[in-house]
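Here's the structure we're looking at; comments come further down.
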Amino acid sequence: QSKHQVRLLQYFLARMADTIMQQADLERLETRTRLSSEEKALSSTAKNHGLINYAYFKDQGYRVVLATNPLFPAIATHSRVRWAGLEPEDFSFITTYENSSFCKPNPAYYQQILDKLGLKAEECVMVGNDTVEDVAVTRLGLPVFLLDHSLIRREGVDVSHLPCGGFEALKIWLDGQI
């Protein structure tokens with residue numbers, strides 16, 4: 001077994017996936033074409049945004065969670081995931097308004113995810129792109145990695161102490177977390 005399989009890391013994907021799904025939503029509205037054409041265009045959009053290779057992380061033993069702000073029901077959130085060129089099955093858990101009682105940046109939102117999955121903060125990492133909504137999880141003790149390709153910087157928030165970079169840098173950083 002690899003060291004990745006020995007220690008369970010809960011891998012939260014947050015605003016990065018939201019950003020890609022929002023872009024996919026916009027493209028879907030703009031194209032107004034048949035679903036098969038949309039799927040090709042949206043898969044291309046996801047790849048062009050440097051979308052993470054979920055299979056790689058699953059193969060490494062990570063459980064991938066889509067911690068998106070739970071503003072929509074599951075059926076809508078799953079559709080948005082598909083529009084982004086992914087499948088709901090790519091994730092071990094997706095937050096929706098049916099299964100969540102809180103929203104970002106409330107730390108209770110993240111605590112509820114941990115509780116539902118039976119995990120402790122020290123077993124997890126947060127990967128996101130919002131310097132307020134995603135970094136709020138540090139109040140629970142989770143380390144955070146910020147993806148710089150779609151980073152949402154909020155005025156007055158210093159995140160210079162947090163690791164930041166692309167997906168290759170994320171892989172290296174995760175290796176150091178084990």
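The values are calculated or read from the model by the stated rules, or taken from the named source; none is laboratory data. Quick caveat, the model's predicted, so the values are computed rather than measured. Heads up, the Cβs are rebuilt from the backbone with ideal geometry, glycines too, and the neighbour counts pull from every protein chain shown. Each accessible area value is taken on the protein alone, full model and side chains, heavy atoms only, with ligands, DNA and RNA left out. Shrake-Rupley method; radii C 1.70, N 1.55, O 1.52, S 1.80 Å.
Only one of these is in contact with a Gly (Cβ under 8 Å, 6 or more places away or on another chain), of a type outside the set (Val, Ile, Thr), assigned to a helix (DSSP H, G or I) and free of Cβ contacts under 8 Å to residues at least 24 places away in the same chain: Glu168, Glu122, Glu89. Name it.
Glu122
For Ile172, are the conditions met, namely being aliphatic (A, V, I, L, M), open to solvent by 60 Å² or more (accessible area, probe 1.4 Å) and under 22 Å from Lys58 (Cα atoms)? If you could, list the steps in order and put the result at the bottom.
Working: aliphatic (A, V, I, L, M): yes; open to solvent by 60 Å² or more (accessible area, probe 1.4 Å): yes; under 22 Å from Lys58 (Cα atoms): yes.
Yes, satisfied.
Restricting the search to segment 135-149, which residues are open to solvent by less than 30 Å² (accessible area, probe 1.4 Å) and out of contact with any Cys (no Cβ under 6 Å at 6 or more places or on another chain)? Working first, answer last.
Pass one, segment 135-149, residues open to solvent by less than 30 Å² (accessible area, probe 1.4 Å): 135-137, 142, 144-147.
Those that are open to solvent by less than 30 Å² (accessible area, probe 1.4 Å) and out of contact with any Cys (no Cβ under 6 Å at 6 or more places or on another chain): Val135, Ala136, Val137, Val144, Phe145, Leu147.
Which residues, taken from segment 87-134, are within 24 Å of Ser160 (Cβ to Cβ), out of contact with any Pro (no Cβ under 7 Å at 6 or more places or on another chain) and open to solvent by 20 Å² or more (accessible area, probe 1.4 Å)?
Residues satisfying the conditions are Pro105, Pro107, Glu122.
Anything in segment 127-165 that is farther than 23 Å from Asp115 by Cβ, of a type in the set (D, E, K, R) and in a helix (DSSP H, G or I)? List them, or say none.
Once the filter is applied, which keeps residues that are farther than 23 Å from Asp115 by Cβ, of a type in the set (D, E, K, R) and in a helix (DSSP H, G or I), segment 127-165 yields only Asp148.
Restricting attention to segment 77-86, and to residues there that are free of Cβ contacts under 8 Å to residues at least 24 places away in the same chain and open to solvent by 30 Å² or more (accessible area, probe 1.4 Å), which single residue is nearest to Gln111 (Cα to Cα)? Lay out the reasoning, then the answer.
Our first condition is that a residue be free of Cβ contacts under 8 Å to residues at least 24 places away in the same chain; within segment 77-86, this holds for 77-79.
Narrowing the set further to residues that are open to solvent by 30 Å² or more (accessible area, probe 1.4 Å) leaves 78-79.
Details: His78: 22, Ser79: 26 Å.
Among those residues, the one meeting the criterion is His78.
Would you please name the residue that is farthest from Ala136 (Cα to Cα), looking only at residues in segment 56-86 that are among the basic types (Lys, Arg) and in a helix (DSSP H, G or I)?
Filtering segment 56-86 down to residues among the basic types (Lys, Arg) leaves 58, 63, 80, 82.
After this cut, where a residue has to be in a helix (DSSP H, G or I) as well, the list is 58, 80, 82.
Numbers: Lys58: 25, Arg80: 24, Arg82: 27 Å.
Across segment 56-86, the extreme among qualifying residues is Arg82.
Would you point out the residue of segment 57-76, among those that are under 21 Å from Glu123 (Cα atoms) and either free of Cβ contacts under 8 Å to residues at least 40 places away in the same chain or among the small types (Gly, Ala, Ser) (or both), that is surrounded by the most Cβ atoms within 10 Å (Cβ to Cβ)? Break it down stepwise before answering.
Applying the first criterion (under 21 Å from Glu123 (Cα atoms)) to segment 57-76 yields 57-68.
Retained after the next criterion (residues that are either free of Cβ contacts under 8 Å to residues at least 40 places away in the same chain or among the small types (Gly, Ala, Ser) (or both)): 58-59, 61, 67.
Details: Lys58: 15, Asp59: 12, Gly61: 16, Ala67: 28.
Looking at the filtered set, the residue picked out is Ala67.
Quick one: in segment 147-161, which of the residues that are of a type in the set (Asp, Glu) and modelled with pLDDT under 90 is nearest to Val132 (Cα to Cα)? Can you show your working first?
From segment 147-161, those of a type in the set (Asp, Glu) are 148, 155, 158; that's our starting set.
Add one more test, that the residue is modelled with pLDDT under 90, and what stays is 148, 155.
Details: Asp148: 14, Glu155: 10 Å.
Among those residues, the one meeting the criterion is Glu155.
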